[in-house]
Amino acid sequence: MVILKKRFSSLLLAFMMFAVFCVPAFASEETGTTNEMASFDLSKKVAQETIVTTADGDTVVYRVEPVIDPNAVLPLSNDYPDATGQWKIYFYSGVLNGSYYIDINSKSKITRAYDQWHSFTGYTVANSGLEYTSTTARGWWDLELLGSSWLSTRWELRAQMNGTTLTTWVN
């Protein structure tokens, strides 16, 4: 019985230390925020990526790439002045990875957001969604650490159109 009490005390101490040192940082509103944005000129019609080093020293990658329809009739030049087409927007860091697709019309407006995807190591997804307006798209995931709802946060991958420039960031 004494050994059982010691193990329970050790487990309780470890849990309390985790709660004191890890939970406040995990539960803050800024969790997962890289505080960095990446901008891409979609009129180039090529895959583009930006590698960012966060204040914590983590390396993250923002990427956009056009979705090429093999049955579509393409113009003779790849350098036409608008962002029209389907685009895959994604972010990956190794632990937190997410993406979705958007359609953009000839006026550089978002007309649809769809096919949300994620891969989160160490987290479970309690809920997720994808929303868009004519200028912004937002994929969001409610994450739980260790399957616990009180160790949860919302992770968002955002995209905003301004002319033919798409800016992405994570909240």
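Some observations on this one:
- In terms of surrounding Cβ atoms within a 10 Å radius of their Cβ, 114, 62 rank from fewest to most as 114, 62.
- R0 of 22 Å, Cβ-Cβ distance residue 111-residue 171: FRET efficiency to nearest 0.05: 0.40
- Cubic angstrom per residue, convex hull over Cα atoms of region 31-170: 107 Å³
- Sorting 107, 45 from the fewest to the most surrounding beta carbons within 10 angstrom yields 107, 45.
- Residues 143, 151, sorted so that the one with the fewest Cβ neighbours within 10 Å comes first: 151, 143
Laboratory data are not the source of any read-out in this text; all were calculated from the coordinates shown. Note that this is a predicted model, so its numbers are computed, not measured. All Cβ positions, even for glycine, are placed from backbone atoms using ideal geometry, and neighbour counts span all protein chains on display.
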